[in-house]
1. Which ones in segment 379-393 are among the β-branched types (Val, Ile, Thr), surrounded by 18 or more Cβ atoms within 10 Å (Cβ to Cβ) and more than 14 Å from ASN353 (Cα to Cα)?
2. Out of LEU205, LEU243, which single residue is of a type in the set (A, V, I, L, M, F, W, C), surrounded by fewer than 24 Cβ atoms within 10 Å (Cβ to Cβ) and closer than 18 Å to GLY308 by Cβ?
3. Between a residue in segment 100-128 that is under 13 Å from PHE65 (Cα atoms) and any residue that is among the charged types (D, E, K, R) and part of a strand (DSSP E or B), which pairs come within a Cβ distance under 6 Å, given they are 6 or more apart or on different chains?
4. Give me the pairs, please: first residue somewhere in segment 264-289 and polar (S, T, N, Q), second residue anywhere and outside any loop (DSSP other than H, G, I, E, B) and surrounded by fewer than 21 Cβ atoms within 10 Å (Cβ to Cβ), beta-carbon distance under 8 Å, and either six or more positions apart or on two chains.
5. Restricting the search to segment 412-429, which residues are over 25 Å from MET101 (Cα atoms) and in contact with a Lys or Arg (Cβ under 9 Å, 6 or more places away or on another chain)?
6. Please state which one of LEU292, LEU262, LEU254 is under 27 Å from GLU362 (Cα atoms) and either over 17 Å from the mean Cα position of the chain (by Cα) or small (Gly, Ala, Ser) (or both).
7. Out of (1) surrounded by fewer than 20 Cβ atoms within 10 Å (Cβ to Cβ); (2) within 18 Å of the chain's Cα centre (by Cα), what's the single condition that is false for ASP190?
Amino acid sequence: MSPDPGLAPYWPGPWPAEDGGPRRLQAPGPGVTVPTVRAGTPVDVRTRTDPVITMAVTRDPGEIFLLRHTLGDDAVSFVERIDPDTLEPVSRSADLAGGAMWPGSVAAHGDGSLHVVFGNHAHRLGADLEVLASAVLPRGRPYNGFVVLPDGTLVTKDFAGSRPTVPVPPDEREPCELLALDPETLEILDSCVLAEPSVARISALGDTVYVVGDTSLLRVHWRGGTSRTFAPDDGFRATYRTLEGQTYGWDCVLALDAAWFLDDGDGSTRFDGSFEGRGISTAPLHLVRVDLRTAAVTLTEVCGLPGGLIANPPLLDPGRRIAVAYDSGNGVMVGFDVAGEGSLAPRWRRRQNHASHLVLLEGPGVVLTGDHDRGRSVEQVVALDVSTGEELVRADTAGPLQSTVFPSVGHDGAVYWCSMSSVSRIRFG
């Protein structure tokens with residue numbers, strides 16, 4: 001796979017940020033030994049169970065940094081450097097001031113720093129996990145994730161949705177605010193109040209930031225250089241929420257001249273160890289495509305059932321022009337062919353209780369997915385042929401909860417599968 005130019009501000013490791021980079025392609029960057037995965041390929045799994053684990057990022061060979069945090073409205077986060085094989089901590093940061101708990105984010109910046117956004121705080125760490133800078137973010141609610149723009153600027157936003165102990169009725173959700181942070185000092189360079197609330201994490205293509213709002217996809221440009229200001233694109237507002245019983249979307253993937261995301265995201269606070277059977281939306285869940293040139297919106301049903309639920313993005317294989325979508329509430333995963341003009345046609349369909357972000361091994365055409373077994377209270381990792389949906393390899397992780405968070409990939413092709421209860425190292429071959 002050729003390097004993604006959007007990764008330039010990140011450390012040139014295999015997985016320096018959530019979803020691998022700001023376009024959320026969920027594919028490893030350069031320098032990865034991509035494993036050959038076929039039907040029956042041996043798989044070795046090691047699991048460490050510990051609360052609460054959100055994601056790992058991978059930098060140089062052997063450098064695996066794990067973001068963890070505590071619970072509650074005064075939660076703290078911390079970063080561990082872990083042994084790539086045993087998964088045990090090699091070193092640990094100090095506790096990092098946080099705030100109201102919602103999964104945050106860590107990224108390996110191109111300047112060598114590690115940045116953390118969690119609660120309403122941002123932190124800059126050295127590779128030795130010593131704290132170099134910290135900042136309080138202005139709104140007293142969680143900031144969920146961030147992206148790094150080509151000039152190194154960090155962009156984050158607050159989270160407008162409900163949390164398990166803090167329900168927020170739809171009519172009380174406030175418009176969110178984008179913040180641009182200096183990567184060295186964490187000073188706020190500019191802010192931009194958006195046109196509507198948003199629960200999704202932001203995505204970026206170059207200097208353009210995309211936000212899936214409560215009803216629309218929004219676009220904001222970043223003017224770098226001496227200006228260093230946001231410029232909302234008021235002419236681009238793609239309304240996707242048009243059906244009775246349809247609820248809001250989550251994170252978008254930027255590929256094939258479009259933004260792709262899933263709707264019917266309301267109800268994630270009903271998680272009981274799994275999203276299976278926990279959806280509340282009455283309209284069927286859709287794979288949403290928004291044309292980045294025209295803002296035209298296309299809705300394609302994933303399985304046609306009510307009670308759909310997701311909290312994460314779909315996956316695009318741009319080379320094969322395949323989209324992978326899922327409905328975590330109904331336990332269905334579907335592959336679609338993407339035509340030249342962007343229309344979709346079903347390619348394969350399978351029963352599977354998947355809920356997390358995904359991993360694409362583009363060369364061999366393999367997508368790594370989860371399948372939670374509620375009866376045994378165990379998460380399994382399943383490697384699928386992205387072209388056919390054929391199951392190639394399945395293995396238990398020993399993690400009891402369905403993963404709703406972020407996997408990553410190391411230099412040797414090992415996959416680090418995180419859930420709120422565990423981290424597993426999966427090695428093929």
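Bear in mind these aren't lab numbers, they're just calculated from the coordinates by the rules spelled out. Quick caveat, the model's predicted, so the values are computed rather than measured. No Cβ is skipped: glycine too gets one built from the backbone with ideal geometry, and neighbour counts run over all protein chains shown.
1. Initial filter on segment 379-393 (among the β-branched types (Val, Ile, Thr)): 381-382, 386, 388, 393.
Okay, now just the ones that are also surrounded by 18 or more Cβ atoms within 10 Å (Cβ to Cβ), so 381-382, 386, 393.
Across segment 379-393, the qualifying residues are VAL386, VAL393.
2. Working: LEU205 fails: closer than 18 Å to GLY308 by Cβ.
When all the criteria are applied, what remains is LEU243.
3. Filtered contacts from segment 100-128: SER113/ARG124; HIS115/ARG124.
4. As it stands, the answer is THR269/ARG163, since those pairs meet every condition given.
5. Kept after step one, since they are over 25 Å from MET101 (Cα atoms), are these residues of segment 412-429: 412-415, 425-429.
Hits for segment 412-429 are ASP412, GLY413, ALA414, VAL415, ARG425, ILE426, ARG427.
6. On the way: LEU262 fails: either over 17 Å from the mean Cα position of the chain (by Cα) or small (Gly, Ala, Ser) (or both); LEU254 fails: either over 17 Å from the mean Cα position of the chain (by Cα) or small (Gly, Ala, Ser) (or both).
That would be LEU292, the only listed residue that is under 27 Å from GLU362 (Cα atoms) and either over 17 Å from the mean Cα position of the chain (by Cα) or small (Gly, Ala, Ser) (or both).
7. If we test ASP190 against (1) surrounded by fewer than 20 Cβ atoms within 10 Å (Cβ to Cβ); (2) within 18 Å of the chain's Cα centre (by Cα), just (2) comes out false.
One line per residue, one yes/no per condition, for (1) among the acidic types (Asp, Glu); (2) closer than 25 Å to THR404 by Cβ; (3) touching a strand residue (DSSP E or B) at 6+ places or on another chain (Cβ under 6 Å):
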position	(1), (2), (3)
PRO16	no, yes, yes
THR33	no, no, no
VAL37	no, yes, yes
THR41	no, no, yes
ILE53	no, yes, yes
THR58	no, yes, yes
ILE64	no, yes, yes
ARG92	no, yes, yes
PRO103	no, yes, yes
